[in-house]
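Encoded as structure tokens, the structure appears first; notes follow it.
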Amino acid sequence: VEVLVDKSMSLSRFLELYRTCPPDVRVSFVHLVRDGRGNAHSMSRRTGDSVEKAAREWKWTNLVIELVKSVLPRVSIQTLHYEELCRSPEIVCERALRSVEASAHGHPSLDTEVDHGIGGNSGSFQGYESIRLDERWTRQLSNSDLEEFNAAAGWLNRQYGYR
């Protein structure tokens, strides 16, 4: 089975690939969700924006994705959690590939000469030896930050199973 993995995180790119995809190709849409508090913390650290602004961006991005997921015909749709991917990458990747009847077993690893582009360009992995769960937000977000997040996007975070 030939599998194309587009991890561009661009909804418009996915929709264009979907639009031009031959009808006999199996398409799987994998929505990787991270606890919004962790995402907002990471975004605010990188951009200098407030946690509230980062929370609103996280919320609207995910609401648009939910809308698109609800109207795509002939697509297998999965929502996976970042935290679970970090804890059990092989199991989660196998589950994601099962919907297109593919398997991660026997595929080239990141350190081979095969350029499969799953993680972006080869420079994306410099300095990284493994997938690591980043939960700094649990120690670094203040009560005020958490209140801002909850006011902006807490309800959606709970919809995704985060408490």
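The values are calculated or read from the model by the stated rules, or taken from the named source; none is laboratory data. The model shown is predicted, which means the values in this text are computed figures rather than measured ones. Heads up, the Cβs are rebuilt from the backbone with ideal geometry, glycines too, and the neighbour counts pull from every protein chain shown. When the accessible area is computed, the model is the full protein with side chains, heavy atoms only, and any ligands, DNA or RNA have been set aside. Shrake-Rupley method; radii C 1.70, N 1.55, O 1.52, S 1.80 Å.
Here are the numbers:
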{"read-out": "In nm, spacing of pseudo-spin labels at SER10 and SER42 (7 Å Cα→C-beta vector)", "value": "2.0"}
{"read-out": "Where labels lie 7 Å past Cα in the beta-carbon direction, separation of LEU72 and GLU84 in nm", "value": "1.7"}
{"read-out": "Cβ-based net charge around SER76, under 14 Å, with every Lys or Arg adding one and every Asp or Glu removing one", "value": "+4"}
{"read-out": "Length added when fully stretched, ASP134-LEU17, from 0.36 nm per residue minus Cα-Cα", "value": "39.0 nm"}
{"read-out": "Point-to-point label distance, GLU147-ARG163, nm (Cα→Cβ direction, 7 Å offset)", "value": "2.3"}
{"read-out": "Accessible surface, per residue, of the range 1-64 when the full set of protein chains is kept, probe 1.4 Å, Å²", "value": "62"}
{"read-out": "Of the trypsin sites (Lys or Arg not before Pro) in the range 1-95, those whose Cβ has at most 16 other Cβ within 10 Å and which sit in DSSP loop", "value": "LYS7, ARG26, ARG74"}
{"read-out": "Sparsely packed chymotrypsin sites (Phe, Trp or Tyr not before Pro) within the range 1-94, loop by DSSP, other Cβ within 10 Å at most 12", "value": "none"}
{"read-out": "Cut-off 15 Å between beta-carbons: net charge of the residues surrounding GLY36, Lys and Arg +1, Asp and Glu -1", "value": "-2"}
